1. Anything in the stretch 238-276 that is of a type in the set (Asp, Glu) and either touching a Phe, Trp or Tyr at 6+ places or on another chain (Cβ under 9 Å) or more than 16 Å from ligand 2 (Cβ to nearest atom) (or both)? List them, or say none.
2. For the structure I just gave you, tell me whether Pro274 is within 8 Å of ligand 1 (Cβ to nearest atom) and either without any contact (Cβ under 8 Å) to a residue 24 or more places away in the chain or in a loop (DSSP other than H, G, I, E, B) (or both).
3. For the stretch 105-143, which residues satisfy the criterion of being assigned to a strand (DSSP E or B) and surrounded by fewer than 16 Cβ atoms within 10 Å (Cβ to Cβ)?
4. Considering only residues of the stretch 243-271 that are charged (D, E, K, R) and within 15 Å of ligand 1 (Cβ to nearest atom), which is farthest from Thr291 (Cα to Cα)?
5. Pull out all pairs, ordered by first then second residue, where Cβ-Cβ is under 8 Å, the residues are six or more apart or on different chains, the first lies in the stretch 104-119 and is among the hydroxyl-bearing types (Ser, Thr, Tyr), and the second is assigned to a loop (DSSP other than H, G, I, E, B).
6. One residue is enough: does the stretch 323-346 have a residue meeting the conditions within 11 Å of ligand 2 (Cβ to nearest atom), within 22 Å of Thr9 (Cα to Cα), more than 26 Å from the chain's Cα centre (by Cα) and at pLDDT 95 or above?
7. Take the residues of the stretch 277-302 that are within 11 Å of ligand 2 (Cβ to nearest atom) and not in a loop (DSSP other than H, G, I, E, B): which is surrounded by the most Cβ atoms within 10 Å (Cβ to Cβ)?
Amino acid sequence: MGEFLKVLTYQQARDLLNQNFSWAATELLPIEKCGDRLLAQDIISPENIPAFIRSSVDGYAVDCEDTFGSSESLPGMLEHAGEILMGSGSDLTIGSGQCAWIPTGGMLPSGSNAVIMVEYTEKLDDKTILTFRPVGPWENVMQTGEDIATGELVFTRGKRLRPQDIGLLASLGIHEVEVSKQNRVGVISTGNEVIPIQQKPDLGQVRDVNSYAISAAIQSCGAIADVYPIVPDSPAALKDTMARGLTENDLLLVSGGSSVGIADYTLDAMLSFPDSDLLFHGIAMKPGKPTLAVRVGQQLIIGLPGHPVSALMVFHIVCASLLSSFRRQTVQGRLLQNIASQAGRDDFIPVRLIPNEHELTVQPLLGKSGLMNILAQADGFIHIEYEKQGLYNSEMVTVTLF
Ligand SMILES: Nc1nc2c(c(=O)[nH]1)N[C@H]1C(S)=C(S)[C@@H](COP(=O)(O)OP(=O)(O)OC[C@H]3O[C@@H](n4cnc5c(N)ncnc54)[C@H](O)[C@@H]3O)O[C@H]1N2
Ligand code: MOO
């Protein structure tokens, strides 16, 4: 039986993993395939949006000065000089005292600098329009480049593309962009007691929770999870599956067997690869103490604790930043009870949020790391820092949301 070697704080562990993991290569993809992908290039606008001065309403294009002084009781009178057609430029020019019908999105004719909405006008006859209120300069108009100007930095490298971002790229006519290739992450569960979820466990057996929970977490980071069949407590079988996992993936996550028990072979199997280097074994955090990581050549194998709650929490806190720059949202709430902790380790405690009239209250969900239901009920988690010995009832705390 070994000892925990090279114990780090969770920040040191996270930094070390980030230093030893490189982004997958990039690929050029059509924007319709880029939802949720990470941009691998800056996007500079090649043109102005809008490219011409556009009306934002249906109405009449006018020189605003010609509407000054008009009111319900004393309407102004303008000559109807023509109509702007949608989707084409116009050589119409508005002279003094004239107006032209313009649809929403139409291009303003020269001589006009505002649009009066149709509901504030009345057609007296084919040639005459009454105006019942004044409009100011550039009222109801979108200026050239008002949305985006030529040469403007629209997005920076590393940004996750959301539907509205894809829409903006479409508006600029950018139909393909360089994005990071999706990382492939191998997921291995190990343990003689762990069985496929389709089977009914005998006494002493448990269904394989980690393969499913961890691969869902990997997918939520935008990466591809590659799940391997459960490996029994056999160093040779573990090494075989890890060897396959390393050739087929960018990163390997192995859950179980990471502690120091007699059947905990994960570390030995990792270190049996030539060119392997132990980055850490043990993190001063709860849950997650037995977490370990080994670099094999240019690749990483991370050993997550077997307990499903620990495995998932360690993934969120230590591993997720390898795959995604996405930061989880936080909210503030008032703690509902004292929580004791040990100085010299970071604690992460699942919590439920209870909305109150004026603030959120935070109910800690305390229990052992094997209790998956705790995490399923949690809205997020709170952090008790390394040097603290606990948190007090009624303290305001920051909750990181799942
Ligand atoms: N003497 C000590 N014992 C333990 C320590 C310690 O510091 N000293 N740490 C404890 C902590 S904390 C954890 S967490 C566990 C982690 O141990 P392992 O990573 O070696 O995991 P196993 O022993 O293989 O499994 C622990 C537990 O989780 C269940 N398990 C494992 N894999 C799965 C899976 N894929 N799906 C569902 N459940 C799984 C397994 O049956 C065990 O019950 O070590 C403590 N011990
Ligand atoms: O990783 Mo362990 O949860 O501290 O049970």
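1. Quick first cut of the stretch 238-276, residues of a type in the set (Asp, Glu) only: 240, 248, 250, 264, 268, 275.
Those that are of a type in the set (Asp, Glu) and either touching a Phe, Trp or Tyr at 6+ places or on another chain (Cβ under 9 Å) or more than 16 Å from ligand 2 (Cβ to nearest atom) (or both): Asp240, Glu248, Asp250, Asp268, Asp275.
2. Working: within 8 Å of ligand 1 (Cβ to nearest atom): no; either without any contact (Cβ under 8 Å) to a residue 24 or more places away in the chain or in a loop (DSSP other than H, G, I, E, B) (or both): yes.
For Pro274, the condition - within 8 Å of ligand 1 (Cβ to nearest atom) and either without any contact (Cβ under 8 Å) to a residue 24 or more places away in the chain or in a loop (DSSP other than H, G, I, E, B) (or both) - is not met.
3. The initial filter retains those residues of the stretch 105-143 that are assigned to a strand (DSSP E or B), namely 107, 110, 114-117, 121-125, 128-131, 141-142.
Scanning the stretch 105-143 gives Ser110, Glu122, Lys123, Leu124, Asp125, Thr128, Leu130.
4. First, pick out the residues of the stretch 243-271 that are charged (D, E, K, R): 244, 248, 250, 264, 268.
After this cut, where a residue has to be within 15 Å of ligand 1 (Cβ to nearest atom) as well, the list is 264, 268.
Numbers: Asp264: 12, Asp268: 14 Å.
Looking at residues that are charged (D, E, K, R) and within 15 Å of ligand 1 (Cβ to nearest atom), I get Asp268.
5. Taking only residues 6 or more apart or on different chains, the pairs are Thr104/Ser56; Thr104/Val57; Thr104/Asp58; Ser110/Leu92; Ser110/Ile94; Ser112/Asp63; Ser112/Ile94.
6. yes
7. Within the stretch 277-302, the match that is surrounded by the most Cβ atoms within 10 Å (Cβ to Cβ) is Ile283.
Yes/no matrix, rows are residues, columns are (1) surrounded by 16 or more Cβ atoms within 10 Å (Cβ to Cβ); (2) touching a residue at least 40 places away in the same chain (Cβ under 8 Å):
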position: Gly333; (1), (2): yes, yes
position: Gln337; (1), (2): no, yes
position: Pro350; (1), (2): yes, yes
position: Pro355; (1), (2): no, no
position: Glu359; (1), (2): no, no
position: Leu366; (1), (2): no, no
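The values are calculated or read from the model by the stated rules, or taken from the named source; none is laboratory data. Source: prediction; values computed, not measured. Here the Cβ is made from the backbone with ideal geometry for all residues, glycine too, and neighbour counts use every protein chain on show.
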